[in-house]
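The values are calculated or read from the model by the stated rules, or taken from the named source; none is laboratory data. Keep in mind that this is a model prediction, so the values were computed, not measured. A quick note on method: Cβ atoms are made from the backbone with ideal geometry, for glycine too, and the neighbour counts reach across all protein chains shown.
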Amino acid sequence: MTYLEKILASKRDEIARAKAHTTRAQVERLAAARRDTPRGFAAALNASGVRVIAELKRASPSAGDIRPDLDPADLARRYAEGGAAALSVLTEPAFFKSSADDLRQAREAVALPVLRKDFILDPYQVYESVALNADAILLIVRIVDDDTLHALYTLACSLGLDVLTEVFDEEDAARARALGATLVGINNRDLARFSTDTTRTARLAALFPPDVSIVALSGIRTSDDIRQTLACGIRRFLIGESLVRQPDPVATLRAWTTLHPSFPLSPMLPNLKICGITEHATARFCAEMGVGALGAVFYAKSPRYVTPSQARALFEGLPGHVARVGVFANCLPDAMLAAAREARLTTLQLHGQESLADIRSLLRSGYRVIRTLSATGDSLLKIAQEIPTEAGILVECGQGPLPGGNAAVWNWAEAAPLAAVRPFALAGGLTPDNITDALRGSRAAACDVSSGVETRPGVKNHDAIQKLVNALRKPAVTSGIQPFWLPSPNS
């Protein structure tokens, strides 16, 4: 059994024992007797600045004992002094060694809103949370079916509780969107195995509309972790173990809540790629504007050619959510992988005569692989069917002497039939003035722009990039799917 399966089995036994001791009718009456008004958990998180939900946590299945002698009231007061926006209190006894009494003591000690963090499976627990004077509850999407999820969410809202809806992967994200969740926590930790990937929040955040408030959960340990997440436009955090272990949580929280991001908190455009980057200043500007992918051209005859070491310097210091794409033509797989390692790429884009065997070999290396196709109509569909579904497809016109779109405007709608089969990116003649029409006509999920934002080959015009970004943000034509240019979270 996984950690999660063991926890849920234990939780079901715990709920059965609780019902035997206090009936559903009794706990509903206790909930109805609550006298104080919930403190507004969501409102506290939506105030300006860096917002930290500081967690009280005695132990965990992966870390064992963290602070078994934790004093809930004292730690809650210190968190409040440090500038926490809210508290999260574990109430799960078997694996996290916590209790409902921890929540009561913490909430009585401070004026902050308090999240009950537990494995909520039954309406009984929602009424129980109200009776405990919790201000919000955590609903974990992956541990309940859709009917139960909707019932628990609706009940909590009707009782005045805010809900932090937790997701872990793309399927969870789709279910949270269908639920209408407005406060979503993205868990960097896999609850089944308790492994952590702190880049998960940035990847999944792109799947939600801009009016959804995103909270980064788990694995946040340092100021650098917070800065990296801020660079993705996410300023809400739930932090537990690293805070509980701090000898001076007041000073730590003050340092974290006064951080400013290295990059403006602009809405992300994860499926926009600017290719042919030759200057670090341009790479940084694109990241600041929310561009999701940057391309370095490794084709020696191109005026935009850079070496792998130059590409590494171009990408240095950029946030982790920005895809780093290497553009190759007729290069052997081993040579591509060597360049990718040196340049620290995330993605390999193939513009030559690379074989299907080459593509499969590169996919096994863990990089995102994009295959460029220069066909349209039935021919495009036929060729696309041969490309492994794990790889991405970029469609361009194929005109001109160099790999790439060569600034040639073409009938982008000729690529539209492919959209019914799989997501694809579009290239060729794209500019700030035509990008919206091109994406709508082609139904492309992503776009690759180079010469359309240049002053001359290899020299990008920042004003044109800004204009392109503004054009894409208005219709949000490239949002709503897994980020095209980055490797899958499961790869």
*Just need a number here: residues in the stretch 50-94 that are part of a strand (DSSP E or B) and among the hydrophobic types (A, V, I, L, M, F, W, C).*
9
*Just for the stretch 1-38: of the residues that are within 28 Å of the chain's Cα centre (by Cα) and in a loop (DSSP other than H, G, I, E, B), which one is surrounded by the most Cβ atoms within 10 Å (Cβ to Cβ)?*
T2
*Residue by residue through the stretch 453-462, note down the ones that are surrounded by fewer than 24 Cβ atoms within 10 Å (Cβ to Cβ) and either touching a residue at least 40 places away in the same chain (Cβ under 8 Å) or among the small types (G, A, S) (or both).*
E454, P457, G458, V459, H462
_Suppose we filter A181, A216 for residues that are crowded, with 23+ Cβ neighbours inside 10 Å, at pLDDT 85 or above and part of a loop (DSSP other than H, G, I, E, B); which single one remains?_
A181
_Quick test of your reading of the structure: Q125 fulfils all but one of (1) in contact (Cβ under 8 Å) with a residue 60 or more places away in the chain; (2) of a type outside the set (S, T, Y); (3) in a loop (DSSP other than H, G, I, E, B). Name the failing condition by number._
(3)
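Taking into account only those residues within the stretch 267-316 that are over 23 Å from R456 (Cβ atoms) and touching a His at 6+ places or on another chain (Cβ under 8 Å), which is surrounded by the most Cβ atoms within 10 Å (Cβ to Cβ)?
Kept after step one, since they are over 23 Å from R456 (Cβ atoms), are these residues of the stretch 267-316: 267-271, 290, 292, 308-309, 312, 316.
Those still in the list that are touching a His at 6+ places or on another chain (Cβ under 8 Å) too: 268, 270, 292, 316.
On the way: M268: 24, P270: 27, G292: 24, E316: 11.
Top of the filtered list is P270.
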_Candidates R17, R39 - the one that is of a type outside the set (D, E) and more than 30 Å from T257 (Cα to Cα)_ = R17
*asked:* Of the residues G377, G400, only one is in the same structural domain as E288 (by TED's automatic domain parsing), of a type outside the set (D, E) and either in contact with a Pro (Cβ under 8 Å, 6 or more places away or on another chain) or at pLDDT 95 or above (or both); which?
replied: G377
*Mind counting the residues in the stretch 141-178 that are polar (S, T, N, Q), more than 22 Å from the chain's Cα centre (by Cα) and not in a helix (DSSP H, G or I)?*
0
*Restricted to the stretch 412-424, and to residues that are hydrophobic (A, V, I, L, M, F, W, C) and either modelled with pLDDT of 95 or more or part of a loop (DSSP other than H, G, I, E, B) (or both), which residue is nearest to S379 (Cα to Cα)?*
V421
_Pairs where the first residue, in the stretch 417-437, is hydroxyl-bearing (S, T, Y) and the second is surrounded by 15 or more Cβ atoms within 10 Å (Cβ to Cβ), C-beta under 6 Å, 6+ apart_ = T431/G452; T436/A471
